[in-house]
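The values are calculated or read from the model by the stated rules, or taken from the named source; none is laboratory data. For clarity, every value in this text was computed on a predicted model and none was experimentally measured. All Cβ positions, even for glycine, are placed from backbone atoms using ideal geometry, and neighbour counts span all protein chains on display.
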Amino acid sequence: MSEHRSDGAVAPKNASAPENTAAARGPCTGDERPMNDRIRDYLVDRFEAPDLKLRGVERIAVGWSHETWLFDATWTETGVARTQGLCLRRDPGNALLREMSDLALQYRVLQCLEPTVVPTPRPFFFETDPAVLGAPFLVMEKVPGTCPSPWGRDGRQFYQDAAGRGVLPDSFTDTLVALHTLDWRAAGLDFLGVPGPGRDFARLEVAKWKALIEASEHDPDPVLIDLIGWLEANAPQTDRLALVHGAYRTGNLLIHDDRISAVLDWETQVIGDPMYDVAYVLSDLNREGTELLSNLVERDAFYRRYEAGTGIAIDHEACRYYQLLYAMRSVAFWMSASGLFATGRNRDLRLARTAWSVPVVLDRAARDLGY
Amino acid sequence: MAPDELLEQIAAILRHEIGPTVADPFAKTQAFMASVILEKLARQLRLTDDHEQADRDERATLVDDMERLVGTAPASGVRAALTGARTGGQGEMCRLVEALYAGRDELGTERFDALLGRIRLTLRAGLDRQLEYSS
């Protein structure tokens with residue numbers, strides 16, 4: 001999970017965690033062999049390839065959620081050399097959104113999306129046995145592409161250049177259209193939970209993030225209580241349900257040859273109001289120093305292409321509501337993050353720092369509520 | 001040396017002397033974050049007494065104003081919460097806001113809006129104080 005911070009920063013995507021920590025070896029197995037060896041042994045077994053080797057193993061820190069390794073596996077199959085780029089994500093057990101970000105769920109979502117037009121990494125394996133790598137993990141395809149952070153100078157330049165060429169902005173919108181026009185029932189995604197008619201979806205989302213706030217054991221805040229009260233009292237009607245990604249923006253999308261090659265970060269997806277995603281795209285939180293949505297797409301072009309592609313008219317009132325809901329969600333993230341540090345479950349000082357992000361997000365929400 | 005000054009000096013040493021000598025990127029980030037946190041704590045500590053006094057003053061005025069606005073409305077939950085808010089802290093303010101939303105029907109739209117508008121003035125002032133050390 002890499003959540004945008006309403007105080008103008010994002011959860012870091014590139015401050016690597018130390019490689020030689022107990023966490024990197026896997027604390028629960030008693031197996032002290034290097035991680036690379038243990039990954040290779042697992043894949044030898046799963047691919048039934050005794051000569052399998054790993055190349056270019058790289059541990060990356062994507063947000064504060066699951067630990068991620070990228071590598072290529074090479075082996076021989078019926079005399080023919082094979083290479084498969086892979087991505088392994090492990091649940092460290094003490095990461096942000098631990099209560100809500102379930103690798104088993106992510107794996108199932110990826111399985112459901114694999115045969116659809118929504119570009120996602122192909123899932124290979126999901127392993128629950130902690131004896132293997134110390135914690136549950138999934139293995140999926142390493143999709144070609146890059147994922148520049150929109151918050152850094154290089155990333156901003158990347159998206160500005162891509163905006164000028166015009167192909168990637170259309171791909172950004174078309175991929176969201178694909179997501180929102182997907183027959184999610186046919187794809188088998190109804191296991192995510194289907195909200196009832198009317199205001200059920202928004203109320204369920206508010207309840208979900210409220211539960212995370214309560215679990216954080218953070219000191220109560222009256223501005224947050226006001227925000228939640230307003231959200232509960234003003235939940236919009238949802239006429240149409242779609243698969244909602246929940247964090248659809250540049251930085252969560254893999255890009256190859258000026259096109260979206262994969263939608264990443266399947267951690268907040270839900271069956272719900274497509275305006276929930278649209279509000280996120282429209283939010284000025286997801287762009288920096290530019291009028292381009294998500295640092296990439298012209299607003300008018302997004303409206304035209306999205307509405308034409310989905311047949312859904314963008315509902316501004318609903319989007320305003322969901323932007324306030326995102327403020328509540330951000331508060332939930334930061335309270336949860338600082339709570340992980342405060343309770344000693346995670347010693348990363350970046351999590352401790354987020355406690356001071358809460359008033360900044362609430363300031364923005366209060367202004368949106370008119371005070 | 002006052003505690004807030006001590007924290008600021010430690011923060012400066014972490015940022016300018018210790019952090020730059022750390023080679024490991026993760027540890028370097030941690031040193032920088034420690035510096036940021038200490039700077040915020042120093043500001044928070046320096047402002048605590050003034051902020052607490054302002055909070056108390058604001059709450060007393062708020063409760064007077066809200067009691068007047070509630071008037072004779074049948075809103076027992078709000079009245080009870082007001083009693084707690086006069087001398088309480090953030091928790092009591094939370095209960096007051098919750099009671100306000102819960103008593104919306106009893107209060108009627110006009111009175112509810114007036115009460116919410118009034119409490120938001122106090123919430124805004126408190127938020128502005130928090131932003132003095134948070135942002």
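Among the numbered criteria (1) more than 14 Å from chain B (Cβ to nearest Cβ); (2) crowded, with 22+ Cβ neighbours inside 10 Å, which one does A:ALA187 miss?
(2) is the only condition that A:ALA187 fails.
Matching residues to (1) surrounded by fewer than 21 Cβ atoms within 10 Å (Cβ to Cβ); (2) of a type in the set (D, E, K, R); (3) not in a loop (DSSP other than H, G, I, E, B):
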residue: A:PHE124; (1), (2), (3): yes, no, yes
residue: A:SER149; (1), (2), (3): yes, no, no
residue: A:ASP154; (1), (2), (3): yes, yes, yes
residue: A:ASP170; (1), (2), (3): yes, yes, yes
residue: A:GLY196; (1), (2), (3): yes, no, no
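Go through the range A:268-294 residue by residue and tally those that are polar (S, T, N, Q), farther than 30 Å from A:ARG108 by Cα and modelled with pLDDT of 95 or more.
Within the range A:268-294, the subset polar (S, T, N, Q) is A:268-269, A:283, A:286, A:290, A:294.
Narrowing the set further to residues that are farther than 30 Å from A:ARG108 by Cα leaves A:290.
The next check asks that each one be modelled with pLDDT of 95 or more; those that pass are none.
Going through the range A:268-294 one residue at a time, the tally reaches 0.
Within the range A:247-259, which residues are closer than 12 Å to A:THR120 by Cα and surrounded by 23 or more Cβ atoms within 10 Å (Cβ to Cβ)? Walk me through how you get there before you give the answer.
Just the residues of the range A:247-259 that are closer than 12 Å to A:THR120 by Cα, to begin with: A:252-255.
Of everything in the range A:247-259, those that are closer than 12 Å to A:THR120 by Cα and surrounded by 23 or more Cβ atoms within 10 Å (Cβ to Cβ) turn out to be A:ASN252, A:LEU253.
Taking the condition buried (at least 24 other Cβ atoms within 10 Å of the Cβ) and either of a type in the set (Lys, Arg) or closer than 21 Å to A:LEU325 by Cα (or both), does A:PRO222 pass?
Numbers: buried (at least 24 other Cβ atoms within 10 Å of the Cβ): yes; either of a type in the set (Lys, Arg) or closer than 21 Å to A:LEU325 by Cα (or both): yes.
When the stated conditions are applied, A:PRO222 passes them.
If B:THR72 satisfies every condition in (1) β-branched (Val, Ile, Thr); (2) exposed (fewer than 15 other Cβ atoms within 10 Å of the Cβ); (3) within 14 Å of another protein chain (Cβ to nearest Cβ) but one, which is the exception?
Going through the list (1) β-branched (Val, Ile, Thr); (2) exposed (fewer than 15 other Cβ atoms within 10 Å of the Cβ); (3) within 14 Å of another protein chain (Cβ to nearest Cβ), B:THR72 breaks only (3).
Per-residue answers, yes or no, for (1) of a type in the set (A, V, I, L, M); (2) within 11 Å of another protein chain (Cβ to nearest Cβ); (3) crowded, with 20+ Cβ neighbours inside 10 Å:
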| site | (1), (2), (3) |
| --- | --- |
| B:GLN90 | no, yes, no |
| B:MET93 | yes, yes, yes |
| B:LEU107 | yes, no, yes |
| B:PHE112 | no, yes, yes |
| B:LEU115 | yes, no, yes |
| B:ILE119 | yes, yes, yes |
| B:TYR133 | no, yes, no |
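Sort out which residues of the range A:216-268 are within 14 Å of another protein chain (Cβ to nearest Cβ), in contact (Cβ under 8 Å) with a residue 60 or more places away in the chain and of a type in the set (A, V, I, L, M), and write them in order of number. Before the answer, list the steps.
To start, the set of residues in the range A:216-268 that are within 14 Å of another protein chain (Cβ to nearest Cβ) comprises A:217-235.
Now restrict to residues that are in contact (Cβ under 8 Å) with a residue 60 or more places away in the chain: A:217-218, A:221, A:223-224, A:226-228, A:230-231, A:234-235.
Residues satisfying the conditions are A:VAL223, A:LEU224, A:LEU227, A:ILE228, A:LEU231, A:ALA235.
Determine whether the range B:12-35 contains at least one residue that is within 15 Å of the chain's Cα centre (by Cα) and over 23 Å from A:LEU369 (Cα atoms). It would help to see each step written out before you state the result.
Step one: filter the range B:12-35 for residues within 15 Å of the chain's Cα centre (by Cα), giving none.
No - not one qualifying residue is present in the range B:12-35.
Among the residues of the range A:212-243, what is the count of those that are assigned to a helix (DSSP H, G or I), modelled with pLDDT of 95 or more and of a type in the set (Gly, Ala, Ser)?
2
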